[in-house]
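J.: Questions regarding the structure given below will be posed in turn.
The values are calculated or read from the model by the stated rules, or taken from the named source; none is laboratory data. Everything numeric in this text was worked out from a predicted model, so none of it was measured. Please note: Cβ atoms are built from the backbone with ideal geometry, for glycine as well, and neighbour counts cover all protein chains shown. Note: accessible area is taken over every heavy atom of the protein model, side chains too, but ligands, DNA and RNA are not part of it. Shrake-Rupley method; radii C 1.70, N 1.55, O 1.52, S 1.80 Å.
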Amino acid sequence: MPRQQLRSGLEGVTVAETRLSDIDGEAGELVVGGFPVETLATNASYEETLFLMLEDRLPTADELAGFRADLAARRDLCEAAHAVVRRAAADGESAMDALRMGLAAASLDADTGDHRAAAKRVVAVVPTIVAAYWRYREGESPVDPDPDLGHAANYLAMLTGETPDDHAVRGLETYLNTVVDHGLNASTFTARTVVSTESDLVSAATAAVGALKGPLHGGAPGPVLEMLRTVHETGDPAAYVRETLDAGERLMGFGHRVYRVRDPRAAVLSTAAERFYGAAGERAFYDTVEQFESVALDLLAEHKPDRRLATNVEFYTAALLHGVGVPRELFTPTFAVARSGGWMAHCLEQLADNRLVRPVSRYVGETDREWTPVERR
């Protein structure tokens, strides 16, 4: 047998065809459902984006109303799932662990045999699990989902117990649309791999949450916020960047596995953050964010001239989610609130023309070993 070519991390290996998103890392472009991300993210509701992902077209007004109502009707958590999430909060488990456990428990009242129903159930219930965990952790009772609120507004309402203002809703909705899908990232590939075995979609989503939990995939916005807060307090971004780089540490929020220029999602979220902070009368923090980005890019180019380290999505994610009122501890779970739509669309796409995902490995171990009985070892 010929020796297989090794592609560590499946770098550059094409394993599926998809209509869901397309990434041009060199040009810094992202297309989602046929739309440039900047067009979709700033105009669509999350429900419109999800409908597009599932149906490959935008809904009519009547279809959108029915789809919203259908999605909203699937938000409630059964008592067994509440018990799991409540216990996770009481035991000090992380939000991502609570989401993983709660999502698995939510399958107790889900029709896992109906793929489209299961897909909508997953997307609808993820925000409920995250919000319930947070309320339990803060010593508060969970807030019931409000069927009269859209997906983004309802999530914020369940977190805070108050009806969110329009600026916060639009900011969060822009974020959810921006990160709904991004090719075969680790969590999405995990979800597709699970359903390729003809397992159910809730299992696929639960596995995807496990992949997203890792700091190399979904964990950067939290540290970015701490960095921005520190710089806002000191007022000296250059000193912070130099100290970080001189220590040989990574500057969070810059550099991406795919993009060699500024992440197009960063551009969308920077505009959304500027709009939100301007409307909220909190421009000072956003000014710090902009100043930090400018200083950081200059110093990165000076310290690492051989690397193309541009602003990535996590940088403005931190600023925007902080502004609209999402707690730092829930940044990665809120990523899951958005990305669950992409996971489910990919799962349905996988199942429509399924082939079991089965890559190969290259053996580098010993051969021709001789067995030694245990009494002679």
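J.: Tally the residues that are open to solvent by less than 60 Å² (accessible area, probe 1.4 Å) and touching a helix residue (DSSP H, G or I) at 6+ places or on another chain (Cβ under 8 Å), restricting the search to the stretch 4-35.
T.: Qualifying residue count for the region: 8.
Here's the yes/no breakdown for (1) touching a helix residue (DSSP H, G or I) at 6+ places or on another chain (Cβ under 8 Å); (2) modelled with pLDDT under 95; (3) open to solvent by less than 10 Å² (accessible area, probe 1.4 Å):
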residue	(1), (2), (3)
Gly219	yes, yes, no
Pro223	no, yes, no
Gly248	no, yes, no
Gly253	yes, yes, yes
Arg260	no, yes, no
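So that you can scan it fast, the table gives a plain yes or no per residue for (1) acidic (Asp, Glu); (2) farther than 30 Å from Phe51 by Cα; (3) not in a helix (DSSP H, G or I):
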site	(1), (2), (3)
Val289	no, yes, no
Phe292	no, yes, no
Asp306	yes, yes, yes
Gly323	no, no, no
Ala336	no, no, no
Trp343	no, no, no
Val360	no, yes, yes
Arg369	no, yes, yes
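J.: Counting only residues that are exposed (fewer than 10 other Cβ atoms within 10 Å of the Cβ) and among the aromatic types (Phe, Trp, Tyr), which one in the stretch 341-376 is farthest from Asp114 (Cα to Cα)?
T.: Trp371
J.: Give me the pairs, please: first residue somewhere in the stretch 180-199 and of a type in the set (Asp, Glu), second residue anywhere and part of a loop (DSSP other than H, G, I, E, B) and buried (at least 18 other Cβ atoms within 10 Å of the Cβ), beta-carbon distance under 6 Å, and either six or more positions apart or on two chains.
T.: Close Cβ pairs satisfying both conditions: Asp181/Leu20.
J.: Only one of (1) open to solvent by less than 40 Å² (accessible area, probe 1.4 Å); (2) of a type outside the set (Ser, Thr, Tyr); (3) not in a helix (DSSP H, G or I) fails for Leu184. Which number is that?
T.: For Leu184, the failing item is (1).
J.: While we're here: For the stretch 44-65, how many residues meet the condition of being exposed (fewer than 13 other Cβ atoms within 10 Å of the Cβ), part of a helix (DSSP H, G or I) and of a type outside the set (A, V, I, L, M)?
T.: Selection size over the stretch 44-65: 1.
J.: Given the structure, is Arg257 under 28 Å from Leu10 (Cβ atoms), part of a helix (DSSP H, G or I) and within 20 Å of the chain's Cα centre (by Cα)?
T.: Taking the combined requirement at face value, the residue does not satisfy it.
J.: Looking at the stretch 349-377 only, could you name the residues that are within 24 Å of Ser21 (Cβ to Cβ) and either small (Gly, Ala, Ser) or touching a residue at least 24 places away in the same chain (Cβ under 8 Å) (or both)?
T.: Across the stretch 349-377, the qualifying residues are Glu349, Gln350, Leu351, Ala352, Asn354, Arg355, Leu356, Val357, Pro359.
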